[in-house]
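The values are calculated or read from the model by the stated rules, or taken from the named source; none is laboratory data. Because the structure is predicted, anything quoted here is derived from the model rather than measured. Methodologically, a virtual Cβ is constructed for each residue, glycine included, from the backbone with ideal geometry; neighbour enumeration extends over all protein chains shown. Just so you know, the surface numbers come from the protein's heavy atoms only, side chains and all, with ligands and any DNA or RNA stripped out. Shrake-Rupley method; radii C 1.70, N 1.55, O 1.52, S 1.80 Å.
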Amino acid sequence: MSQNNLTLSELKQQYSNCNLCQELCDNRIQVVFGSGKENSTVIFIGEASGASEDKQGIPFCGASGKVLQDLLATIGLTRGDVFITNTVICRPPNNRNPKKEEIENCRDRLDKTIQIIQPKVIVTVGNFATQRITGKIGITKLRGNILEVTFNSQIYKVVPVVHPASLLYNGRNSVIFDQMKKDFQTIKKVIEESII
Ligand code: SF4
């Protein structure tokens, strides 16, 4: 529960017609707030909604989502066990990268989502989410590390991972997939340590 006692469904309602990013509002079908377990130990934060997400209203529901599901399965989790959202929750036209001002516009929404869920572990998926949450750049070096961030005087563990889309761009290269599985083992370890 956040300081102002906002619930996740109230926050979702607040952003259901958000119009802070004009270009995104003009092109989106819907705001894709997030999905999964509301009091989860783990929150996954991706980049931005894509075409499938915009159509279905669920984050990571396309090909990248299938990879994420496979990776979750390697540590005994399903997407129903975690909460999944994005750095920017409206689809950028033609799947372009989110702009700085869009990330800033969506900052308060993401901060409040984290404050309400109070996860033990934040998994940042790809460069944009990693930079947004940790302020650090370079997913290739940061992936699989265990970092810490402080929001509202509370410390959260953060594990950056490579975006599943990069596995797809690289023809499902097995070396990359093995690295990703290794990073998910780190997530598992942090979860286990956090609930001891
Ligand atoms: S991306 Fe976030 S801030 Fe921008 S319009 Fe959508 S909900 Fe609002």
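Put Val31, Val82 in order of accessible area, highest first, and with a 1.4 Å probe you get Val31, Val82. Nearest 5 is fine: what % of DSSP beta bridges in the chain come out antiparallel, could you say? Percentage antiparallel, nearest 5: 35.
At a probe radius of 1.4 angstrom, the accessible area of the chain per residue rounds to 50 square angstrom. Which of rounded, prolate or oblate describes the range 1-139 when judged by the alpha-carbon gyration tensor and an a/c cut-off of 1.5? Cα axes put the range 1-139 in the rounded bin. If the segment from Ala51 to Tyr169 were pulled out straight at 0.36 nm per residue, it would be longer than the present Cα-Cα gap by 40.8 nm. For the range 151-196, the list of trypsin sites (Lys or Arg not before Pro) that fall in a loop by DSSP and count at most 12 other C-beta atoms within 10 angstrom reads Arg172. Sorting Glu192, Glu53 by solvent-accessible area of protein heavy atoms yields Glu192, Glu53, largest first, with a 1.4 Å probe.
Modelled spin-label separation between Val149 and Asn19, with each label point placed 7 Å from Cα along the Cα-to-Cβ direction: 3.0 nm.
Solvent-accessible area assigned to carbon and sulfur over the chain amounts to 46 percent, based on a 1.4 Å probe. Beyond 30 Å in Cα-Cα separation lie the following of the pairs Lys100/Lys189; Lys55/Lys136; Lys136/Lys181: Lys100/Lys189; Lys55/Lys136. Rounded to the nearest 500, the helix-only mean residue ellipticity at 222 nm of the chain stands at -12500 deg cm²/dmol, with each DSSP H run of n ≥ 4 adding -39,500 (n - 2.57).
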